[in-house]
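The values are calculated or read from the model by the stated rules, or taken from the named source; none is laboratory data. If you're wondering where the values come from, they're calculated on a predicted model, not measured in any experiment. When we count neighbours, we look across all protein chains shown, and the Cβ atoms used for this are built from the backbone with ideal geometry, even at glycine. Just so you know, the surface numbers come from the protein's heavy atoms only, side chains and all, with ligands and any DNA or RNA stripped out. Shrake-Rupley method; radii C 1.70, N 1.55, O 1.52, S 1.80 Å.
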Amino acid sequence: MEAVVRRDSTAMAEIYERYQSTLRAVIIGVLHEEGETDDVLHDVFIQLWNQADRFIAAKGLHGFLVTLARRRALDRLRRRLAYRRATDRFETQMKAEFNDKVRGHGVKPMDFDLSDLLSKMIHSLPEPQQEVVHLTFFEGMSQRQIAAEKCIALGTVKTRLQLAQKKLWNHLVPIQNKIW
């Protein structure tokens, strides 16, 4: 670490080689997925390089690096959760605004042909996609709630909903000028 404080990059490379597998395991243990592990590991070593002068030799390098790795992984996990909460709030807000606009124009979806058309289009989707569309748009459930209730991965719910929306959009594009 004294060499790292003096900005010796070979010392940093040796520390990386010695500890990267241990730190990778710590990070995966917190994040439970490998997708962001390299990013967090990179952040740990950048922080070590930039703050090498704060290292206290008496406490040991192994414990210091494990603590850094765990903290960076927890930071990443918190950011991920905050992003999910924000997207859920945005989705809820957009649904509410849509419902307000529909009600504000006195539109009763069951009273006109577009409702029948959409219903037929939804029923033409594969069953798993129909289910996700129904739970999202007619039951008002969030994607996370659907995943928990149906015991399927959140990514699967998102993919099914995205595929269903694409298919519905592709059906509606040709008749768009007749609707609007």
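Taking Cβ atoms as reference points and 10 Å as the exclusive limit, the residues near Leu154 contribute a net charge of +3, counting Lys and Arg as +1 and Asp and Glu as -1.
Between Leu74 and Lys166, the simple label model (points 7 Å from Cα in the Cβ direction) yields a spacing of 3.9 nm. Taking the protein heavy atoms of the chain in the context of the full set of protein chains, the accessible area attributed to carbon and sulfur is 55 percent at 1.4 Å. Here the gap between Ala148 and Arg54, fully extended at 0.36 nm per residue and compared with their Cα-Cα distance, gives a gain of 29.5 nm.
Remark: relative contact order (the chain) = 16 percent; criterion is Cα-Cα distance under 8 angstrom and separation of 6 or more residues. Over the chain, the hull volume per residue, using the convex hull of the C-alpha atoms, is 172 Å³. Local charge for Arg54 was computed over the other residues whose Cβ lies under 14 Å away, with Lys and Arg +1 and Asp and Glu -1, and equals 0. In this Cβ point-charge picture (+1 for Lys and Arg, -1 for Asp and Glu), the chain has a dipole of about 320 debye about its Cα centre.
The calculated 222 nm mean residue ellipticity attributable to helices in the chain amounts to -24500 deg cm²/dmol, summing -39500 (n - 2.57) over DSSP H runs of n ≥ 4 and dividing by all residues.
Seen against the Cα atoms of the chain and their longest principal axis, helix 9-31 is set at about 40 degrees.
Within the stretch 115-180, the ratio Rg/Rh, alpha carbon atoms throughout and Rh by Kirkwood, equals 1.02. Loop-located trypsin sites (Lys or Arg not before Pro) in the stretch 1-57 (DSSP state other than H, G, I, E, B) with a sparse environment of at most 15 neighbouring Cβ atoms within 10 Å: Arg6, Arg7. Calculated on the alpha-carbon coordinates, the convex hull of the stretch 1-108 measures out at 124 cubic angstrom per residue.
Subtracting the Cα-Cα distance of Ala13 and His42 from 0.36 nm times their residue separation leaves 9.2 nm of extension gain.
Ordered from longest to shortest, the equivalent ellipsoid semi-axes for the stretch 35-79 are 20, 11, 8 Å, each the square root of 5 times a Cα gyration tensor eigenvalue.
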